[in-house]
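The values are calculated or read from the model by the stated rules, or taken from the named source; none is laboratory data. In this text, all values refer to a predicted model and were calculated from it rather than measured experimentally. Don't worry about glycine lacking a Cβ; one is built from the backbone with ideal geometry, like all the others, and counts go over all protein chains shown. Just so you know, the surface numbers come from the protein's heavy atoms only, side chains and all, with ligands and any DNA or RNA stripped out. Shrake-Rupley method; radii C 1.70, N 1.55, O 1.52, S 1.80 Å.
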Number of protein chains: 2
Amino acid sequence: MNEKVTIYDIAKKLNITAATVSRALNNNAKISETTRKLVMETANQMNYKQNQLAQALRSGRSNNVGVIVPRVDSNFFGSTIRGIEEVLQAMKYNVIICQTHEDEEREIENLNTLLNAQVDGIIISITNKSKENEKILKRITDNNIPLIFFDRRKNIDGVSSVTIDDYKAGYMATQHLIDQGCRFIAHLSGDQSLEIYENRFKGYSQALLDNDMKVNQDYVIFTKSKVEEGALAVKKLLLLDQAPDAIFSSSDFAALGAIQELKASGKSIPDDVCVVGFGNEPFTKFMELSISSVDQAALEMGKVAAEVFLEQINNKSGVKIEKKMVLSPVLQIRKSSGRK
Amino acid sequence: MNEKVTIYDIAKKLNITAATVSRALNNNAKISETTRKLVMETANQMNYKQNQLAQALRSGRSNNVGVIVPRVDSNFFGSTIRGIEEVLQAMKYNVIICQTHEDEEREIENLNTLLNAQVDGIIISITNKSKENEKILKRITDNNIPLIFFDRRKNIDGVSSVTIDDYKAGYMATQHLIDQGCRFIAHLSGDQSLEIYENRFKGYSQALLDNDMKVNQDYVIFTKSKVEEGALAVKKLLLLDQAPDAIFSSSDFAALGAIQELKASGKSIPDDVCVVGFGNEPFTKFMELSISSVDQAALEMGKVAAEVFLEQINNKSGVKIEKKMVLSPVLQIRKSSGRK
């Protein structure tokens with residue numbers, strides 16, 4: 001890191017005034033082409049950097065891209081952010097991150113913060129499907145700031161999205177449990193006002209129907225992505241006349257809580273109950289009783305989202321691009337559901 | 001969220017020009033006091049918000065605070081960020097986050113990005129102790145932008161820091177292993193150019209010396225905070241004539257790898273080898289063979305760092321405040337080191 005070169009340093013070197021340097025750098029018409037070139041060349045040689053913020057106000061470009069996620073400390077969001085950074089940093093963009101903690105007001109504040117920081121684009125996994133945030137999202141698209149949804153999306157005209165095929169993931173996980181001989185399959189679902197959870201549930205339901213099994217609403221428990229909530233759900237399920245012999249959880253954390261509670265109730269896994277989680281969090285692999293889980297291609301999802309941003313920011317055609325990219329999930333079968 | 005009110009809306013309502021509104025809002029001397037008041041009151045009634053970025057350039061305040069961490073997806077950094085957010089968001093500050101991935105060039109770019117986003121302060125856990133970043137850190141303090149270190153600090157005049165007592169943590173963990181009857185205690189150390197790892201090592205050494213045991217350099221293995229590195233370290237340790245009967249790891253991830261490798265080599269934990277990690281990552285508690293670990297009071301550390309920032313930003317006295325806050329670690333004893 002060199003000491004910061006200022007316009008005064010350039011002026012001194014060329015024996016002209018700082019005002020002339022400033023005008024030359026800003027392409028002021030009062031400055032001759034010869035002087036402008038000389039100043040530009042000298043500025044380059046001296047590794048001069050204009051104040052990026054002032055520059056952003058003039059050019060409308062800050063080279064910052066904002067990423068908004070519900071939380072940073074899950075493996076899934078951590079990995080998507082890493083994928084976004086890998087692609088964007090190679091193109092000299094800086095990535096700044098905000099988290100919403102699933103709070104929509106916070107999400108709107110984050111969007112405002114990023115707009116005020118003059119980001120060139122926003123890559124966001126939205127918090128829910130209520131309409132509160134629609135006005136600010138519209139303001140972003142109206143201002144031609146590239147906006148890309150990943151994982152959690154909304155249907156908004158002109159906004160691209162990168163997701164995995166959650167329906168297929170739910171179907172695969174449920175079919176796998178049926179293949180293991182399970183007949184009473186419960187589902188720990190997230191908030192179905194979010195498309196991802198709705199689609200996982202739909203995939204689960206269709207797999208049951210395709211195998212001549214019914215969807216039993218008693219077996220569908222709404223849980224947050226938390227260990228304690230998975231344990232609570234199992235407590236409810238074990239009270240049923242016919243307790244389930246399998247659980248497909250839309251969250252690894254809830255799956256972990258479910259497993260802990262099943263064990264505490266004397267159930268053997270996978271012999272009495274098979275369990276599949278969602279997200280492929282590292283702990284699912286670390287456990288001695290490793291947990292089967294759906295891998296969401298997080299790193300890839302981040303990279304693709306970043307590439308969609310680059311395509312949009314570099315799109316000079318005036319034609320709006322809207323892409324809907326859907327990646328394939330991979331089911332990782334481990335001890336918690338792998339009956340021999 | 002209302003539609004954004006512009007100066008044109010205010011002008012229309014008052015039947016004056018937008019230029020007059022703009023001048024009034026910016027306290028231009030050409031505008032009469034009566035007009036200025038009228039414009040201000042109307043702007044308030046209409047819930048007008050000036051462009052925060054332009055405002056920041058004038059006032060020097062953006063209400064954004066930057067947080068820089070090596071990585072966001074560890075429980076420790078996730079929790080410190082949460083603590084920072086809890087305190088600052090209550091005071092109407094927005095938090096924006098950047099990660100360095102332990103790369104110093106990236107760290108310098110992050111610092112520049114935050115400066116260009118006009119943050120009011122920076123709370124940072126630095127990547128290493130080399131001197132590359134010192135110039136930009138000095139530029140930050142020279143510009144009176146509050147800079148607070150947490151967890152990983154540097155000795156810089158006028159910069160406050162919030163850490164835990166890593167020396168005490170290393171001492172406690174090692175004394176605990178000695179109390180379990182262990183006599184050949186290995187240490188998986190991080191990069192000792194960072195104070196935290198240096199101090200954990202010093203605490204480990206002093207506990208050995210206080211118990212009439214020697215520090216054996218063969219037992220000190222430098223590892224990154226990664227599962228694979230813990231496994232590699234154990235492979236080396238098991239080749240020694242006297243393999244260790246305990247491991248104090250400065251990272252939970254390395255401790256996990258060590259445990260996996262010990263088990264693969266037929267060692268029983270804690271009977272043959274006791275293991276203590278560092279960081280109290282959630283998985284240490286989740287494992288069937290739960291892992292003893294040092295809790296770093298992450299949430300509290302974040303809160304205290306945010307409070308130090310608030311004290312500095314609100315300090316009008318002109319007297320520079322430098323605080324060194326040291327929190328107490330807590331050793332969580334679990335199955336991996338709890339011999340009965």
Once the label point is placed 7 Å from Cα along Cβ, list for B:LYS323 the distances to the corresponding points in the other copies, in nm, shortest first.
-> 4.7
Per-pair calculated FRET efficiency, R0 = 56 Å: A:THR17 and B:LYS316 via Cβ, rounded to 0.05 | 0.90
Other chains' Cβ within 10 Å of A:134-147 residues: what's the mean?
-> 1
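How large is the translational diffusion coefficient of the stretch A:251-312 in µm² per second when you combine the Kirkwood radius over alpha carbon pairs with Stokes-Einstein at 25 °C and 0.890 mPa s? Please list the in-between numbers first.
Details: Rh = 13.2 Å.
For the chosen part, D equals 186 µm²/s.
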As a Kirkwood estimate from alpha-carbon pairs, the stretch A:166-296 has a hydrodynamic radius in angstrom of 14.1
Over chain B, with every protein chain in place, what whole percent of the accessible area is carbon and sulfur at 1.4 Å, could you tell me?
-> 47
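Taking N as the number of residues in the stretch A:107-210, what is its alpha-carbon radius of gyration divided by 2.2 N^0.38 Å?
On the way: Rg = 17.5 Å, N = 104, 2.2 N^0.38 = 12.8 Å.
For the stretch A:107-210, the normalised Cα radius of gyration is 1.36.
Give A:LYS154/B:LYS12; B:LYS214/B:LYS323; A:LYS92/A:LYS323; A:LYS138/B:LYS92; A:LYS168/A:LYS323; A:LYS267/B:LYS285 a once-over and call out the pairs whose C-alpha atoms are over 30 Å from each other. Working shown, then result.
Details: A:LYS154/B:LYS12 35 Å; B:LYS214/B:LYS323 36 Å; A:LYS92/A:LYS323 24 Å; A:LYS138/B:LYS92 24 Å; A:LYS168/A:LYS323 20 Å; A:LYS267/B:LYS285 21 Å.
In this structure, A:LYS154/B:LYS12; B:LYS214/B:LYS323 exceed 30 Å between Cα atoms.
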Between A and B, accessible area buried - total, square angstrom, nearest 100, 1.4 angstrom probe | 4200
Enter the accessible area of A:ARG36 (Å², nearest 10), with the probe set to 1.4 Å and all protein chains included.
-> 60
Contact order relative to length for the stretch B:222-293, counting C-alpha pairs under 8 Å separated by 6 or more residues, stands in percent at 31
Listed residues A:ASN64, B:ASN47, B:PRO146: farthest to the positive end of the dipole of the protein assembly as shown (Cβ charges) = B:ASN47
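Average the reciprocal distances over every distinct pair of alpha-carbons in chain A, invert the result, and give the Kirkwood radius in Å.
Details: mean 1/r = 0.0442 Å⁻¹.
Taking the inverse mean of 1/r over all distinct Cα pairs, chain A comes out at 22.6 Å.
Can you compute the FRET efficiency between B:LYS92 and B:GLU288 using 1/(1 + (r/R0)^6), with r the Cβ-Cβ distance and R0 = 41 Å? Round to the nearest 0.05.
Details: r = 45 Å, r/R0 = 1.10.
According to the calculation, E is roughly 0.35.
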Can you flag which of B:LYS224/B:LYS303; A:LYS30/B:LYS30; A:LYS202/A:LYS224 are past 21 Å Cα-Cα?
-> B:LYS224/B:LYS303; A:LYS30/B:LYS30
Which distances, in nm and shortest first, link the A:LYS37 label point to the same label point in every other copy, taking 7 Å along Cα→Cβ?
-> 6.0
Only residues of the stretch B:150-184 count here: report those whose backbone N is under 13 Å from the spot 7 Å along Cα→Cβ of B:GLN242, or say none.
-> B:182-184
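Could you tell me what a quarter of the Cα convex hull surface of the stretch A:7-50 works out to, in nm² with one decimal place?
Working: hull surface 10.3 nm².
That works out to 2.6 nm².
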The rounded separation in angstrom of the Cα centers of the stretch A:72-131 and the stretch A:172-210 is 29
Nearest-ten-degree value, helix A:195-210 long axis tilted from longest Cα axis of chain A | 30
For label points placed 7 Å from Cα toward Cβ, what is the shortest-first list of nm distances from A:LYS340 to its copies?
-> 2.9
With bins of 20 Å, the percent of all Cα-Cα pairs of the protein assembly as shown per bin from 0 is 16, 43, 31, 9, 0
With springs only between Cα atoms under 10 Å apart, run a GNM on chain A and tell me which of A:ILE124, A:ILE145, A:ILE313 wobbles the most.
-> A:ILE313
Filtered trypsin sites (Lys or Arg not before Pro), the stretch A:92-164: DSSP coil and at most 11 other beta carbons within 10 Å = A:LYS92, A:LYS131
For the stretch B:273-294 and the stretch A:230-301, write down the distance between their C-alpha centroids in whole Å.
-> 21
For the protein assembly as shown, what is the charge dipole size about the Cα centre, in debye to the nearest 20, if Lys and Arg each add +1 at the Cβ and Asp and Glu each add -1 at the Cβ?
-> 2320
For B:MET40, the accessible surface traced by a 1.4 Å probe with all protein chains present amounts, in square angstrom to the nearest 10, to 60
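Can you give the relative contact order of the stretch A:7-50 as a percent, counting alpha carbon pairs under 8 Å and 6+ residues apart?
On the way: 30 pairs, mean separation 15.3, N = 44.
For the stretch A:7-50, the relative contact order is 35 percent.
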Note down the magnitude of the dipole of chain B about its Cα centre, charges +1 on Lys and Arg C-beta and -1 on Asp and Glu C-beta and zero elsewhere, to the nearest 20 debye.
-> 1360
